[in-house]
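The values are calculated or read from the model by the stated rules, or taken from the named source; none is laboratory data. As the structure is a prediction and not an experimental result, all values here were calculated from the model. We place every Cβ from the backbone using ideal geometry, glycine too, and count neighbours over all the protein chains shown. All accessible areas refer to the heavy atoms of the entire protein, side chains included, with ligands and DNA or RNA removed. Shrake-Rupley method; radii C 1.70, N 1.55, O 1.52, S 1.80 Å.
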Amino acid sequence: MSSLSQIRILNITEDLGVGTDQVATVDQLSSVGNTIGAQAFVEETNRLYIWNGQGWYNIALINTTPTWDSGGQPLSNYYLDADSPQDATVITLAASDPEGLPISYTYVTGGQMDSIGTISQDSSVFTITPKTEVQVPDGGTGTITFRASDGVNILPQVSSFTLTFPVDWSSITEQSALKASDAAASNNFGESVAIAKNGNTAISGARLNTDPTYQAGAAYIYTLSGSSWSQQAKLVASDKNFNQQFGCAVSLSEDGNTAIVGAERSDNLPQTASSGSAYVFTRSGSTWSQQAKLSASDAADGYFFGNSVSITDDGNTAIVGAKYDGGTNYGAAYIFTRSGSTWSQQTKLTASDAATDDEFGWSVSISGSDGNTAIVSSPKEDPSGTSNAGSAYIFTRSGSTWSQQAKIQASNRGTTDIFGYGINGVSISGDGDTVVVGAVNEDTNGTDAGAAYVFTRSGTTWSQQAMIKASDAASSDRFGSAVSISEDGDTVVVGAWNESGTGAAYIFTRSGTSWTQVNKIQASNAQSGDEFGKAISISNKSVIVGAYQEDTTATNSGSAYIFG
């Protein structure tokens, strides 16, 4: 018996054919009764043999793709250390080949990778050293496609690398005041806002925009060039309809190329009034197009699906709240995933102790880095008999299965605190280990002065790390009306929409386990009733704050302000 050197890739079930025998060992290959050309697959060698009339000859190795070993697969996202000196990120790959063939490792760069870092390789060990702020003052984002090969098949993994430099949050100032190009009275522009983690794309919803249909709603995309922001696009639903309120909630992927927009009053006609929808848009160059319309698998009247939305860094997993789902306002949240350009519902989340009028799903947030942890608020949940004190629930994903990991509550929860209320009532860090929750009606520093709470995870256990309040807290400030946490979990911005009657936002940073207020920001043209701070989002280098009742252009036309 001899072996040919030829190696080719075959699919066992499709390429071997119905007439191919399959045996466990070479010794089981029969030497009698064979016709010339007969084939047999031997499991122990993973090889295909053919009978030539005199004996069996090996003609092919049925090769399979290598697999990553446990702990040997690179992550999807990395944040390069921008401290001085520049600390390198070391990644050690490990993969195995089912046939026992040796593995070699290579890589290919993409995006701004060659500009933001240098890469060295020693066999399976890759060292990525970020460049300095002098070399690349604006940082950037790039990719490395790591490849493990057995000489026949290649196992790829694309990893994103982001380089940003420490922001002095104590000294950020207003960069721009954004307005819709077609601003009009009562459009409520700025009632929902989001900024991409890379800080170069922002979105603002105008849920009551009436062009061309009454309160159909719209969302506006803005991009940063140098230090200037400009409107790139106006997004509307492909099936825009009367009182749809498209733009009531918005979220962006890390690179800003995927946006999700809620339309909580979308009817999904003819039988589901205000069942709600969420729309996914993608950008190619500077052109935006609708990729999908999402709706609940069990859509029904009055669900308000889309009242809150959040999307992962890669834009491939989204969570959508439906605060009135269940007929008696139990509420729910839905997870959707993207494969190629196709979106499908992965699961429906509900609270383990769901009850009437809890409004679970008022606010949602999903961990950006891997999408495996989500937080959902239930601001009218009544723990221990305290009416509308509110709670929030943590869910985790394993494979495609989601389960509730924890229920969190404020340590000093009180009646009507509505813990987690608002479309930005909760926010989660990139790794899912830190969350912040607002409690807009908390009364420690005066009636409805408000508070926010930070919780952290150790293993699978969640505990309250801090209760944070404004340094100048006063009654009716409504501090906690909106919250947003940075990707690394060390910076939090909290809105107080009624501070001094105009609104403000406060920035806190973490050192160890301690949180300190480092800044208070307000609009340069603040006026009474603007409600600056009712919507907030933080990027790696800037903050966007909505003021949906700002009216310098027209009454309640609204604005959004970027600070950096």
**Message:** I'd like the antiparallel share, as a percent to the nearest 5, of DSSP beta bridges with both residues in the range 307-408.
**Reply:** 95
**Asked** So what does log10 I(q)/I(0) come out to for the range 30-174 at q = 0.18, 0.19 Å⁻¹, using the Debye formula with one equal point on every Cα and no solvent?
**Response** -0.99, -1.05
**Message:** Strictly greater than 16 Å: what percent of every Cα pair in the range 239-304 meets that?
**Reply:** 46
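Once the convex hull of the alpha carbons of the range 192-333 is built, what does its volume come to per residue, in cubic angstrom?
Details: hull volume 13.6 nm³, N = 142.
Value for the range 192-333: 96 Å³ per residue.
Counting Lys +1, Arg +1, Asp -1, Glu -1, what net charge surrounds GLN522 among other residues with beta carbon under 15 Å of its beta carbon?
In short, -4.
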**Principal axis dimensions, largest first and in whole angstrom, of the chain by Cα** = 96, 59, 48
**Message:** Need one value: the accessible area of SER352 in square angstrom, 1.4 angstrom probe, rounded to the nearest 10.
**Reply:** 90
**Request:** Two decimals is fine: what's Rg over Rh for the range 521-564, C-alpha atoms, Kirkwood radius as Rh?
**Result:** 0.98
**Request:** Please give, to one decimal in nm, the separation of the simple spin-label points placed at SER471 and ASP490, each 7 Å out from Cα toward the Cβ.
**Result:** 2.1
**the range 305-320 and the range 70-148: distance between their alpha carbon centers, rounded to Å** = 28
**Request:** Pull out the extension gain between TRP68 and SER120, defined as 0.36 nm times the separation in residues minus the alpha carbon to alpha carbon distance; nm, one decimal.
**Result:** 16.6 nm
**Item:** Residue pairs, from the table LYS293/LYS380; LYS520/LYS541; LYS131/LYS541; LYS234/LYS323; LYS240/LYS293, whose Cα atoms sit over 20 Å apart
**Value:** LYS293/LYS380; LYS234/LYS323
**Complete:** Net charge near GLY306 (other residues with Cβ under 15 Å of its Cβ; Lys, Arg +1; Asp, Glu -1) is -2
**Asked** In the chain, what % of DSSP beta bridges are antiparallel (nearest 5)?
**Response** 90
**Asked** Which value does Rg/Rh take for the range 393-520 over its C-alpha atoms, Rh per Kirkwood?
**Response** 0.98
**Item:** Percent of C-alpha pairs per 10 Å bin, the range 151-266, short to long
**Value:** 13, 38, 26, 14, 7, 2, 0
**Asked** Distance in nm between label sites at ALA355 and SER96, each 7 Å beyond Cα in the beta-carbon direction?
**Response** 5.0
**Request:** Translational diffusion coefficient, Stokes-Einstein: compute it for the range 195-247 using the Kirkwood radius over C-alpha pairs as Rh, at 37 °C and 0.692 mPa s, and state it as an integer in µm² s⁻¹.
**Result:** 284
**Message:** Tell me the carbon and sulfur percent of the accessible area for the range 207-333, rounded to whole percent, probe radius 1.4 Å.
**Reply:** 43
**Accessible surface, 1.4 Å probe, highest first, among residues ILE50, ILE538** = ILE50, ILE538
**Extension gain from SER225 to GLU43, taking 0.36 nm per residue of separation minus the Cα-Cα distance** = 59.6 nm
**Asked** Rg to Rh ratio, the range 120-201, alpha-carbon atoms and Kirkwood radius?
**Response** 1.18
**Prompt:** Once the range 62-120 is represented by equal point scatterers at the alpha-carbon sites, with solvent omitted, what log10 I(q)/I(0) does the Debye formula produce at q = 0.22 Å⁻¹?
**Reply:** -1.02
**Prompt:** Taking the mean number of other Cβ atoms within 10 Å as a proxy for protection, how do you rank 295-308, 230-243 from highest to lowest?
**Reply:** 295-308, 230-243
